[in-house]
1. Going through the stretch A:562-611 one residue at a time, which ones are aromatic (Phe, Trp, Tyr), surrounded by fewer than 19 Cβ atoms within 10 Å (Cβ to Cβ) and under 21 Å from A:GLU632 (Cα atoms)?
2. Please verify whether the stretch B:131-147 includes one or more residues that are free of Cβ contacts under 8 Å to residues at least 60 places away in the same chain and acidic (Asp, Glu).
3. Take the residues in the stretch B:263-289 that are away from chain A (no Cβ under 11 Å) and without any contact (Cβ under 8 Å) to a residue 40 or more places away in the chain; name whichever of them is nearest to A:GLY170 (Cα to Cα).
4. Considering only the stretch A:708-718, state which residues are among the basic types (Lys, Arg) and either over 20 Å from A:TYR525 (Cα atoms) or more than 11 Å from chain B (Cβ to nearest Cβ) (or both).
5. Looking at the stretch A:681-707, which of the residues that are facing chain B (nearest Cβ under 9 Å) and under 16 Å from A:MET656 (Cβ atoms) is surrounded by the most Cβ atoms within 10 Å (Cβ to Cβ)?
6. Considering each of B:ASP351, B:ASP370 in turn, give the residue that is of a type in the set (Asp, Glu) and either at pLDDT below 90 or outside any strand (DSSP E or B) (or both).
7. Filter the stretch A:183-215 down to residues that are free of Cβ contacts under 8 Å to residues at least 40 places away in the same chain and of a type in the set (Phe, Trp, Tyr), then give me how many there are.
8. Just to verify a result, which residue in the stretch A:25-60, among those that are small (Gly, Ala, Ser) and surrounded by 23 or more Cβ atoms within 10 Å (Cβ to Cβ), is nearest to the other protein chains (Cβ to nearest Cβ)?
Amino acid sequence: MSNSSTSDLLKPFKLKTKQQELLIRVSILCLVYILAFITRLFSVLRYESMIHEFDPYFNYRTTLYLTQHGFYDFWNWFDYESWYPLGRIVGGTLYPGLMVTAALIYRLLHFLRFAVHIREVCVLTAPFFASNTTLVAYFFGKEIWDSGAGLVAAILIAVCPGYISRSVAGSYDNEGVAIFALLFTFYLFVKAVNKGSLAWGLASAFGYFYMVSAWGGYVFIINLIPLYVLVLLITGRYSMRLYVAYNCMYILGMLLAMQIRFVGFQHVQSGEHMAAMGVFFLMQVFYFLDWVKHMLSDTKLFQEFLSITVTCAVAAGGIALGVGAASGYISPWTGRFYSLLDPTYAKDHIPIIASVSEHQPTAWSSFMFDFHILLFLFPAGLYFCFKRLSDATIFIVMYGLTSMYFAGVMVRLILVATPAVCLISAIAVSATVKNLTVLLRSKNKVAQIGSTKGTSSAKASSKASLDQSQPFQKNGAMALLFGAFYLLSRYATHCTWVTSEAYSSPSIVLAARGAHGNRVIFDDYREAYFWLRQNTPPDAKVMSWWDYGYQITAMGNRTVIVDNNTWNNTHIATVGRAMSSYEDEAYEIIRSLDVDYVLVVFGGVTGYSSDDINKFLWMVRIGGGVFPVIKEPDYLVNGEYRVDKGAAPKMLNCLMYKLSYYRFGEMMPEYGKPPGYDRARGVEIGNKDIKLEHLEEAFTTSNWIVRIYKVKPPNNRW
Amino acid sequence: MEARIRARVNLALTFFALLFFVAGSSPPRQFVISNAERRIDLSSHIINVHLTLKVENAGTRPASEVVLALTPTEVDHLAMVDASAIKGKRKKTTSLRLEVKPTELPDAPPIDTKYFTIYLANPLNSGESTTLEVLYVFTHFLEPFPAEIAQSESQLVFYHDTALILSSYHIKQQTTFIKTPSTKVESFIRMEPTNRVGTEIKYGPYEDRPPYSISPIHVHFENNSPFAVVEELVQEIEISHWGNIQVTEHYKLIHAGARHKGVFSRVDYQSRQSSNGASSFRYLLARLPPRVHSVYYRDEIGNISSSHLRTDSLKSELQIEPRYPLFGGWKATFVIGYGLPLQDFLFESSDDKRYLNFTFGCPLIGMVVDKLTIKVVLPEGSTDPSPVVPFPVEHHLEAKYSSLDVVGRTVVVLEKKNFVPMHNSHFQVYYSFKPIFMLAESLMLASAFFMLFVACVAYIHIDLSIRK
């Protein structure tokens, strides 16, 4: 031992090729790990360490509650500050994985005596898990192809905009940890299939459990894996390894997932989870048949037995499913699930899902924006996978194809497709570059051998023969290699640009360029929420469109009527109805909901386009979906939605219009335009003389983006 | 404990006083005030009363204790009382600060009165006279009336006082001047001779008034100065011997004037600023020490972008704007933090101790602080801290765990109620500290990393597999 160590010390810089390779690989992985983290910090540098957007505020608020009150209080938390007067059972209606993870990191840091605030932990959770995802991508790539592909996959996924969009610092959302969990589960499962060991199966079950606790997207796993197993069965790739891996993962994963209250017994009761169960039983039948086949020597007898068993099994399964569905024990597919299979479903049946911009079908441009060259490398990678089919490559091909389909259906599901696209593209890049370098190297070697031999004739002849067989091979390979590097460097540039320009805005603070090129900040949201927090009674109820619910409860610390959870469509429709009614009728609804303040978002002064007037048609649509009193055509003129003089009379006098434009007619937002010129829509408003009877202006932020109205008590009767 | 004993003594004293008052014992009224001039400044919500007294010893023995009388309401709002003796004449005057202490007199006067005693530096002989200058500072003393105003109205307040100076001595001649912030005075009670010129109301001169004579008056006038009150300020001064002092200030600010009523209209506030929200305020100015760095201004929900810092070699000025303008009754909470170079504030005393020399006060200009808490966080490992503050404060010790702390840091907590800018002065905290403790945290980190690497090496070299 001592001898070897001294000899090691004597020649410390002489590493073997294998050690060199290991050193390079580890240092590349470390760099990628750091890169994945720091590329997500743009928003912290540009703005500040803050929570972004809408849902993350709820997650932040619950995490705060978890760290302050402990796990059991969190689990049993009844939140009376949202969905007034219904309230919300928080512990039973959320995926606690994210909050528990952040709280654990926070506890660990405090145990190690690092006095950090929980907000910083929450802000940096997503980048931290993105870094971990790169490691998983490396191991996954190594498992399905080789370590080179793994490295490329790690680099690609570290900067891929499709993933960065949901994992920048401050985007404290379920997806932040869920993509890590998703890829990790897949990796463990593929590893289990390759090894056939119970230990990996167990590990994948725990990975699945973490995924279930973190995000509703676990449904994708529980459907993709059975599909994969089914494909392997059909293609005749059934093996004992697969049997062990799937059974262990399914049974344990299901039992573990039942521990999450929000999921509960869905694994045995919900239609979305039935595929996994069906495949599970199918697998037992398959195993049984295999055994019988092994026992029976007569093939004809076996054929008969096979047909009987298969018929029986299918019949039994069909009857069980039918009875379950008919008796209501097995719930039918949910609307969200349907809308994935049929992109037009939500538009017709569930306006509340269709109203969210990230649930829209994906445009080609956003594919290009989020994937860039990966979009072209993806088919090439598929080609390589098909060329070298194995259990693992079949999995990644299926994952890639299905997730690409879902990414086409909904913008936000690009996120799920990103790891697959990165992995498959990495295979393409790695395989291509490897082939090219092998070509270059082999030729050099030949040339070198030729030169060392010293006989010029032999050299010339060998060269000539090579040139004859593949003309311009070296140059071609060089050119291709340069092309590949050029493309990859373009990819890196594009990713950085997209991250910095598009995905690093917190959307709470808006930044714009002023007339002199200086940076102007609109911090109106926080101004309004902080005003609510400080200057309204602690039990005040605030009515706003549901988008702002989480923010009002988290930053304003006030009770809201509806929020981003959108679990009760009727309640949301009531708010939509109030917003789209005349003031008198709206006042009745407002009184019945016990509302004290009404909050609207208005972008007419600043030209901020995602305000309530632009969202108003959805309020009408959702309100009208439940209350037929509200009819969409009343607000349109010739099918057109307008706010100027030509607008529909109902539009000009509904509550939302009045609250948005109250006293806006006296205002001159832009030089050279008439007073009351709406900059967000570029028109002069149609109703400048707005009188409010039952509400009064309580607060308007400095750029008018948020306007808060106080509900007056009813008039005295005489 | 001491306070309780004092209270008990007080109780006993009043009891005795009552007993003896019936017996008709007269107090030793040795002094006579030959001339008294009072100037009351009502221009902000901090009221300064400058009282110039010419005191004459009319008794037979030398005496050195002059008694000031105040009503209980005044005492409740009294933030500070300060007295000094004036020596010399005309322009060559020098003033000498005198000690002032609250006292109880054994004789109960006809009205409920509280007393402060001025201890003269030299006893005043019989027949001699001296000039005393007394400064009273009152807070929360102006009563807004009407108590609720709309956005376009200006703020009117009541000031209650007495035209005659409350005193336990005979006053031969007295005058009172009341200065209002503007010429807009709604009403005031006259007591002839009374004269109003511009922003000043003059009561007097009144001649030969016996002790405890009063004459209630009020002034109802416009005061639109910002009634900005910090309900609670917690200032945390964290000393690091690596060269930095980190100050964090938590403010709870309120507009303590007439409450805002009804609508807040942004369009009126933006376009007609002169006639709208006259009593509201938008900006606050904080004066920070020079060479300040890493200044931040934020609240519970994040950074507040509206602040400007101007620095020069003598001072730094931080202009901050709360998220919204503050109208009457509106609140805002925020945090200001900054770093300071250590060598400007930390010194070594002769007895091998170190001491921090820092300003006791609120950096925001013109602020009343209802409750000021200063926490001095000493470095880990420092022992026997002792604060030295020029005026009485409550103090106790706490422990705080900051990054990489094992035993916790000693925190000296100083608390003062009803703090006004006139209190601003330096205070010191002495403590002992061994420089070896500075290395504790870095050594800890180094050893932790060392252990980690050792563990890695061990893991790589140890074969843990079961099968051979």
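The values are calculated or read from the model by the stated rules, or taken from the named source; none is laboratory data. Computed from a predicted structure; not experimentally measured. Quick reminder, even Gly has a Cβ in these numbers, built from the backbone with ideal geometry, and neighbours come from all protein chains shown.
1. A:TYR582
2. Yes, the stretch B:131-147 contains a residue that is free of Cβ contacts under 8 Å to residues at least 60 places away in the same chain and acidic (Asp, Glu).
3. Among those residues, the one meeting the criterion is B:TYR283.
4. A:LYS712, A:ARG717
5. Ranking the qualifying residues of the stretch A:681-707, first place goes to A:THR700.
6. None of the other options fit; the residue is B:ASP351.
7. 0
8. A:SER43
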